[in-house]
Amino acid sequence: MPEIRLHGRGGQGAALASRLLAEAAFIEGRHAQSFPAFGLERRGAPVTAYTRIQDTPILNHSKIYAPDAAVVLDATLLKLANVAEGLKPGGLVVINTDKGPGELGLPSGLRVAAVNAGAIAAERGLGSRLAPIVNTAILGAFAAVSGAVSLESVLEAIRRNVAFRTEDNAAACERAAIEVETALL
Amino acid sequence: MKEVMMGDVAVARGVKLARVEVIAAYPITPQTIIVEELSEICGRGELKARFIKVESEHSALACCMGASMAGARTFTASASQGLLLMHEMLHWSAGARTPIVMANVNRAIAPPWNLWSDQTDSLSQRDTSWIQLYCENNQEVIDTVIQAYRIAETVYLPVMVVLDAFILSHTSEVVAVPEQEDVDRYLPPFKAALTLDTNDPRAFGSISGPIEYQKLKMARHEDMMGAVEVARRADIEFGEIFGRKYGIAERYRCEDAELILLTSGALGGTAKIAVDALRESGAAVGALRVRLFRPFPADDIADAIGGAPKVAVIDRNLSVGAGGIFAQELKAALYDRERRPAVFGFTGGYGGGDFTPEVVEKIARRALEMDKPDSPTLWEAIP
Amino acid sequence: MMEHLYYDAAAMDLLRTTRNTLSNRTGSWRHMRPEFGLKAAACAAACPAGNPIARFMAAASDGRFEEALRELKKENPLPGVCGRVCPRPCEAACNRAEFDEAVGTRAVERLLGDMGAEFGLCLPATMGKTGKRVAVAGSGPAGLSCAYHLALSGHDATVFEAGGEPGGLLRFGIPAYRLPREALDRELGFIDALGINMKTGCRADAALAARLLDEFDAVVAATGALVSPGLGIEGEGLAGYFKGLEFLAAANAGEASGIGKSVIVIGGGNTAVDAARCALRLGAEDVTVMYRRGREDMPASDEEVAEAQEEGVKFVFHAAPAKLVGEGGRLRGVALMRMKPGEPDESGRRKPEPVAGSEREAHADAVIEAAGGRADNPFGRALEVDEWGATDNEKLFVCGDAAPGARTVASAIGGGKRAAIMADVFLRELDIKEVKRKVLVGGNGAASAAAHREGEAAPGADGSVVRFKNVNTAYFSRAARAAKLERLSPEARVAGFDEVSAVCGSAAETARAEASRCFRCGECDDCGNCLVFCPDMSIIGKAAAVGAAPGFDGDYCKGCGICARECPRGVIRMIEEER
């Protein structure tokens, strides 16, 4: 029963990423639920979004407190939010950073996957170099290291639901799946 | 065809499938997506409906009333403060017997400002003669919108389809979208019983004496009571065509239960998980989800409770000075019956509060431990 | 599934009245009733030419410019001329002025007139030929307007013009920098298009006048007021002394020269200002307009005075010439007297009186007298002319400056039209009282030839004029004037006779935007407000044609007046019910 929490800043596309994950699971014939943290979204402020994936119909309509994975769209959030909060033991953190997975100061007992999704997205012209839109790229890394959904399903979800620069988003997603680097802390 | 969609989108898609002819609505969080989605559907020409922009919720419902009396199938949507502003027109539209369907996204009422789920907005409209249906998930949302027109146009009373703010309205789930031809088979075009006819003009809403007034109101009451059966049959026939049905009060593992958890809305699903866990641990607990709130299906609920000695009602609402509203309704429905279980009135989860399966389990265990409630209103929240 | 009713149908029937509400004839309660129908807009009532302003604005606001021009041409053959030289009484009367800013009606008229270059003349349909022959003496704006409307009414019109080309004052009296010749000539194209006989080089002297009265079924005198009275002072024989209209005619024909360096123009009307501005364009360096009264009494248009000042013309007020001073038969200057305002005269203005001992001499190479012309009607100097242009001779009509009244191009056009209608009434033996009762816009303004031709009443012929208080401004939003004029630099202007002003922006966009500002007072545009607001659903009929208004169902209208209040443009008014 993978439950995933995504951390981003208002405007970075964390909510869309959580929906794309749900779409990817749906493409695989599974059940999925995606919801934003129901707040007063403001551009730039830390936001979270959630995805629940399972093989049976989802009856639970409560929030997610102990996710299996956290996906962090922006490494600067590490200073503002405890991205490891509530993570199950051995849980996965996928993070957009130019550092290595061991250099982030995350607590031990976690699996940390690092990928420079910002550089990959910027290379594909997604957002600007200073403020790249990394939501599709980081999903590629997440799919590659989590096994929660396949990379193919994520790519299909992007192609079905992302109308703007679809192929650049898909290419960034694929690229991040290759470049992601994992470490067990 | 299945799709992943938010609850608000499911409402709009249901409206489209119902071939609604006039839409008048005023946007308010968290209902806004319904209005946006419908305006785009109309804008793209996928639904040949007149989309009327209005200056307030009061006007929205007034527009729907006029359109309905002219013979059009109509829709509006609101939430919270917007629904409260409609209040006068809620009475009017029901009194005028216009079969309007409205989606209300349950949202807390200010002050303080709060955008999250709370049923007090719709429940405080319980005396307006509107039929009310509460949904557990987005599949049920789209299906209930379609059923609502069938019910409304059979009994000539308006129907409110209710869904939780964010928990359903903004949550994406897998939804099987009904086929248009099936919906057309289920829901024939609206033929109004009473219409405005310029060739035979009559005055509507004129003043009446006490006898006529009481006759009308009693007739409305009788017709409303009859709506229990109409809603039940509308759901059964829906099931025959679409393979999905919900009942008007949905039972879950109620057989031989010592305690029944009575819920409504999206909490219904979460309660089922708690029931499974409790049964696993050996506690005889069942769940009963009230889908039809008005008219209150007292017989169905009493029948579902059967001989269970205890019922714990979990109310995501609070009638200040009286307690949870479902609990009150249940108590009133059981008073005249031979089997009167102890009713534990729990309230909580409004204004953004969450009910996890664990919290529901905790509620059940509290009820199981007590012989009778130590207070008419009990509160439970995530610590 | 629903084999039987799931609701109490009998009770539901109590929701409405058992009887059809048609049985309740609320019309019997009425003591007031709405009166629908075209009203005159304040601007139209003020327009001496009777332009159907609201009508052409409606079409122009919708981008239907050809239709707009056609509407305009039903009343006025010379929109491109009026759109340039008119002093804009319409804009002074515009109801919108009280809301934000008057509509730039003259600019729209000018743009529409100039669109004739694209759409052609856009002439209205002519009536069947009557076989009646009408002579018109003079081809100034009054004569042209008269011949035009006579031709539209099916009469054979023959115009006698003393000059070599038609146009009269428009050609010799208004300089090209105000009215370019191509704009004038384009609009004069109607003469050929309507088959009007134009006899140029035929001065209507007393002999010709007698012949015309003898040979034609009706005769119209539009011979202007061209006789200069002169200054009546010593020295008028000196070389360097000019009469204003003659000077203008020579200047406009390109035949004037030798005006000298310093010029004094005597007078305060548009002729004086035009003469001064022409003198500048002919090489004069120091030009002064001298007027015996004050600035406030000056009849010349403010716009013209302002333009002249920009170009360097000086104005001296309260001064009059006592005599012209010369040397060897050649003008040297003017002996001036200062004047002071005395007692009010019959015009209400204070009569100027000389100040004793104030004489002094001013140098001038030329003096142009432009004190205003006098009519010298070849059909009789002492002819009595009524306000309709009729005389004691039932077949003789007079219009333009030859008749009493205001002396503007627009009033000449209106006068010509009125004379044409009167001639038509005479030739067809129509009921003159009936016609007079029906054709005046707003009951007191210019005549509507279109209404006369179609046998209908002119807008507001019963005296109903839509004023600002009749406009429901809730239905309009504020908008700044879209049509603005741009002008050549003063240096570029005096270098030649190029047109001074132009309307800014693209013609189509500007015309449309400015026309959209028009309230279209008194003109039903089928907005449906009366229908929507009527509590008794007693508005009936639809505006089938442009300007047609709905009516009411007397059985049910209870005379509440809501329709009149909600009509944005004052088409409906409440009147007392007939008893």
| said: As an exercise, take the mean of 1/r over every pair of distinct alpha carbons in the range C:241-369, invert it, and state the Kirkwood radius in angstroms. | reply: 14.9 Å
| For residues of B:194-203, the mean tally of beta carbons on other chains within 10 Å | 4
| Given that compact globular proteins tend to follow 2.2 N^0.38 Å, what is the ratio of the alpha-carbon Rg of the range B:220-313 to that value? | 1.15
| note | The distance between the Cα centres of the range A:15-67 and the range B:210-268, in whole Å, is 32 Å
| field | Helix-only [θ]222 nm of chain B, DSSP H runs n ≥ 4, -39500 (n - 2.57) each, per residue, nearest 500 | value | -13000 deg cm²/dmol
| request: Give me the distance between the Cα centres of the range C:125-185 and the range B:291-357, rounded to whole Å. | output: 94 Å
| field | Ordering of C:157-167, B:327-337, B:140-150 by burial proxy (mean other Cβ atoms within 10 Å per residue, highest first) | value | B:140-150, C:157-167, B:327-337
| message | Using a 10 Å cut-off around each Cβ, can you sort A:THR136, C:THR18 from fewest to most neighbouring Cβ atoms? | response | C:THR18, A:THR136
| note | Any lysines whose Cα falls less than 26 Å from that of A:LYS79, other than same-chain ones fewer than 8 residues away, would be A:LYS63, A:LYS88, A:LYS99
| message | Based on alpha-carbon centroids, what's the gap between the range A:166-183 and the range C:460-535 in Å, whole number please? | response | 62 Å
| task | Tally the DSSP beta bridges in chain C and give the antiparallel ones as a percent, rounded to 5. | result | 45 percent
| query | How long are the three semi-axes of the equivalent ellipsoid of the protein assembly as shown, in whole Å, if each is the root of 5 times an eigenvalue of the C-alpha gyration tensor, listed from largest down? | reply | 86, 40, 24
| field | Proxy reagent accessibility, fewest Cβ within 10 Å first, across C:CYS47, C:CYS563 | value | C:CYS563, C:CYS47
| Tell me, B:ILE34, B:ILE273, C:ILE575, C:ILE368 in order of fewest to most beta-carbon neighbours within 10 Å? | C:ILE575, B:ILE273, C:ILE368, B:ILE34
| request: Take every Cα pair under 8 Å in chain B that's 6+ residues apart, average their separations, divide by the length, and report that relative contact order as a whole percent. | output: 16 percent
| remark: For chain C, longest principal axis from Cα atoms; helix C:105-114 axis from its Cα atoms; angle between them, nearest 10 degrees, is 80 degrees
| remark: DSSP beta bridges in the range C:241-369: the antiparallel percent, rounded to 5, is 50 percent
| remark: Going residue by residue through the range C:40-52, the Karplus relation 6.51 cos²θ - 1.76 cosθ + 1.60 with θ = phi - 60° gives ³J(HN,Hα) values, rounded to whole Hz and with x marking Gly or Pro, of 7, 6, 4, 5, 5, 5, 8, 7, x, 8, x, 5, x
| In order through the range C:491-503: 3J(HN,Hα) via Karplus (6.51 cos²θ - 1.76 cosθ + 1.60), integer Hz, x for Gly, Pro | 5, 5, 5, 6, 6, x, 10, 5, 4, 6, 10, 9, 7
| request: Show me B:369-380, C:34-45, C:53-64 ranked by packing, highest mean number of other Cβ atoms within 10 Å first. | output: C:34-45, C:53-64, B:369-380
| Length-normalised contact order of the range C:1-143 in % [C-alpha pairs under 8 Å, at least 6 apart] | 20 percent
| message | Applying a 10 Å radius around every beta-carbon, put A:23-29, C:429-435, C:419-425 in order of their mean neighbour count, most first. | response | C:419-425, A:23-29, C:429-435
| said: Just to check, using Stokes-Einstein with a Kirkwood Rh over alpha carbon pairs, what's the diffusion coefficient of the range B:249-379 at 37 °C and 0.692 mPa s in µm²/s? | reply: 230 µm²/s
| query | How far apart, in nm, are two points set 7 Å out from the Cα along the Cα-to-Cβ line at C:ASP297 and at C:ARG478? | reply | 4.0 nm
| Average beta carbon contacts from partner chains per residue of B:352-364, 10 Å cutoff | 2
| task | Please report the relative contact order for the range B:249-379, taking Cα pairs under 8 Å with a sequence separation of at least 6, and give it as a percent rounded to a whole number. | result | 27 percent
| remark: Once amide hydrogens are built 1.01 Å from N within the peptide plane, the residues lying 5 or more places from A:ASN116 or on another chain with amide H under 5 Å from its amide H are A:THR97
| query | Looking at the protein assembly as shown, what % of its DSSP beta bridges pair antiparallel, to the nearest 5? | reply | 40 percent
| note | P(r) of chain C over all Cα-Cα pairs, 20 Å bins starting at 0, rounded to whole percent, reads 19, 46, 26, 6, 2, 0, 0
| task | Principal axes first, then extents: for the Cα atoms of the range B:2-242, list largest minus smallest coordinate on each axis, whole Å, largest first. | result | 52, 46, 34
| task | Please express the Cα-Cα pair-distance distribution P(r) of chain A as a list of whole percents, one per 5 Å bin, running from 0 to the bin with the greatest distance. | result | 1, 9, 19, 24, 23, 16, 7, 1, 0
| query | Which FRET efficiency, nearest 0.05, do C:ASP205 and C:GLU255 yield, Cβ-Cβ r, R0 22 Å? | reply | 0.40
| Label-point separation in nm, C:ASP13 to C:MET32, each point 7 Å along Cα→Cβ | 4.1 nm
| Label-reachable residues, the range C:554-570, where backbone N falls under 17 Å from a point 7 Å from B:ALA203's Cα toward its Cβ | C:555-560
| field | In order through the range B:302-313: 3J(HN,Hα) via Karplus (6.51 cos²θ - 1.76 cosθ + 1.60), integer Hz, x for Gly, Pro | value | 4, 5, 5, 5, x, x, 4, x, 10, 10, 9, 8
| said: 7 Å from Cα along Cα→Cβ at both A:THR182 and C:ASP376: what's the point-to-point distance in nm? | reply: 11.5 nm
| Entries in B:LYS272/B:LYS331; C:LYS261/C:LYS323; B:LYS215/B:LYS245 that, when Cα-Cα distance is taken, lie over 27 Å | B:LYS215/B:LYS245
| Per 5 Å bin, what percent of the C-alpha pairs of the range C:189-286 does each bin hold, from zero upward? | 2, 9, 16, 17, 14, 12, 12, 9, 6, 2, 0
| query | Non-local amide H neighbours of C:VAL466 (under 5 Å, H modeled in plane, Pro and chain starts lacking H): which ones? | reply | C:ALA40, C:ALA41, C:ALA42
| field | Under 5 Å, built H, 5+ apart or other chain: amide partners of B:LEU261 | value | B:GLY286, B:ALA287, B:LEU288, B:ALA312
| task | Provide, as a two-decimal number, the C-alpha radius of gyration of the range B:71-169 over 2.2 N^0.38 Å, N being how many residues it has. | result | 1.02
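FYI, it's all coordinate maths here, none of it is from the lab. These numbers come from a predicted model, not from an experiment. Because the Cβ atoms are built from the backbone with ideal geometry, glycine has one as well, and the counts that use them run over all protein chains shown.
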